[in-house]
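The values are calculated or read from the model by the stated rules, or taken from the named source; none is laboratory data. Nothing here was measured: the structure is a model prediction, and the numbers come from that model. With ideal geometry, Cβ positions are generated from the backbone for all residues, glycine too; neighbour counts draw on all protein chains shown.
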């Protein structure tokens with residue numbers, strides 16, 4: 001059960017990718033084989049693509065697989081490296097708070113707009129922004145807690161959870 005819960009976001013992400021691939025395949029097949037198009041499929045693919053992007057970013061944060069530039073970090077004394085890591089973490093948290101706040105605004109502002117064919121509120125798509133921001137904040141806080149608790153002894157304690 002713990003393994004299932006630990007891979008929850010990866011499972012949701014994989015489902016989004018499957019829906020995306022199947023939807024695109026069906027659209028291409030229907031459009032070119034029998035010359036029929038189902039616009040509702042395009043909306044499903046679009047929503048799946050949005051969630052794939054934002055949940056992918058959250059999973060990347062969980063796994064510490066985002067691009068990091070450590071040029072400066074490698075050139076400062078070890079005692080300053082931990083301070084610099086915490087400053088970068090604080091900046092990342094600030095950015096993610098902004099993403100969550102603005103994402104909530106997008107969700108609120110777009111609730112009255114609906115998709116053309118499925119008639120779903122556009123806010124369902126925009127909800128991926130604050131949700132992924134909150135997930136990333138969670139993993140950032142978890143990693144920072146482990147880093148601080150370990151006394152900043154190693155960069156590995158900061159990353160893998």
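Tell me, which residue of the range 96-118 that is more than 13 Å from residue 130 (Cα to Cα) and either in contact with a helix residue (DSSP H, G or I) (Cβ under 6 Å, 6 or more places away or on another chain) or surrounded by 15 or more Cβ atoms within 10 Å (Cβ to Cβ) (or both) is modelled with the lowest pLDDT? Spell out how you get there, then give the answer.
Here is the first cut: in the range 96-118, the residues more than 13 Å from residue 130 (Cα to Cα) are 109-118.
After this cut, where a residue has to be either in contact with a helix residue (DSSP H, G or I) (Cβ under 6 Å, 6 or more places away or on another chain) or surrounded by 15 or more Cβ atoms within 10 Å (Cβ to Cβ) (or both) as well, the list is 110-111, 115, 117-118.
Numbers: 110: 92, 111: 88, 115: 91, 117: 92, 118: 92.
If we take residues in the range 96-118 being more than 13 Å from residue 130 (Cα to Cα) and either in contact with a helix residue (DSSP H, G or I) (Cβ under 6 Å, 6 or more places away or on another chain) or surrounded by 15 or more Cβ atoms within 10 Å (Cβ to Cβ) (or both), then 111 is modelled with the lowest pLDDT.
So residue 112 passes all but one of these: (1) part of a helix (DSSP H, G or I); (2) more than 15 Å from residue 47 (Cβ to Cβ). Which condition number does it fail?
(1)
Would you check which residues across the range 135-157 are closer than 21 Å to residue 58 by Cα and buried (at least 16 other Cβ atoms within 10 Å of the Cβ) and list them? Outline the logic, then answer.
Quick first cut of the range 135-157, residues closer than 21 Å to residue 58 by Cα only: 135-147, 155-157.
Once the filter is applied, which keeps residues that are closer than 21 Å to residue 58 by Cα and buried (at least 16 other Cβ atoms within 10 Å of the Cβ), the range 135-157 yields 135, 136, 137, 139, 140, 143, 144, 147, 157.
Name every residue in the range 110-140 that is without any contact (Cβ under 8 Å) to a residue 12 or more places away in the chain and out of contact with any strand residue (DSSP E or B) (no Cβ under 8 Å at 6 or more places or on another chain), in order of residue number. Talk me through it step by step, then tell me what you get.
Taking the range 110-140 and keeping what is without any contact (Cβ under 8 Å) to a residue 12 or more places away in the chain, we get 112-114, 119, 121, 138.
Hits for the range 110-140 are 119, 138.
On the given criteria, is residue 58 out of contact with any helix residue (DSSP H, G or I) (no Cβ under 9 Å at 6 or more places or on another chain), in a helix (DSSP H, G or I) and touching a residue at least 12 places away in the same chain (Cβ under 8 Å)? Full working, then the answer.
Values: out of contact with any helix residue (DSSP H, G or I) (no Cβ under 9 Å at 6 or more places or on another chain): no; in a helix (DSSP H, G or I): yes; touching a residue at least 12 places away in the same chain (Cβ under 8 Å): yes.
In short, no.
For the condition without any contact (Cβ under 8 Å) to a residue 60 or more places away in the chain, surrounded by 12 or more Cβ atoms within 10 Å (Cβ to Cβ) and within 30 Å of residue 146 (Cβ to Cβ), what is the one hit in 41, 92?
On the way: 41 fails: within 30 Å of residue 146 (Cβ to Cβ).
Of 41, 92, the one residue that is without any contact (Cβ under 8 Å) to a residue 60 or more places away in the chain, surrounded by 12 or more Cβ atoms within 10 Å (Cβ to Cβ) and within 30 Å of residue 146 (Cβ to Cβ) is 92.
Is it true that residue 53 is outside any loop (DSSP other than H, G, I, E, B) and under 28 Å from residue 143 (Cα atoms)?
Values: outside any loop (DSSP other than H, G, I, E, B): yes; under 28 Å from residue 143 (Cα atoms): yes.
In short, yes.
Restricting attention to the range 61-73, which residues are at negative phi, assigned to a loop (DSSP other than H, G, I, E, B) and touching a helix residue (DSSP H, G or I) at 6+ places or on another chain (Cβ under 6 Å)?
Selection gives 66 alone.
Quick test for you: out of 23, 105, pick the one residue that is assigned to a helix (DSSP H, G or I) and over 17 Å from residue 127 (Cβ atoms). Explain how you work it out, then say what you get.
Numbers: 105 fails: over 17 Å from residue 127 (Cβ atoms).
Going through 23, 105 in turn, the sole match is 23.
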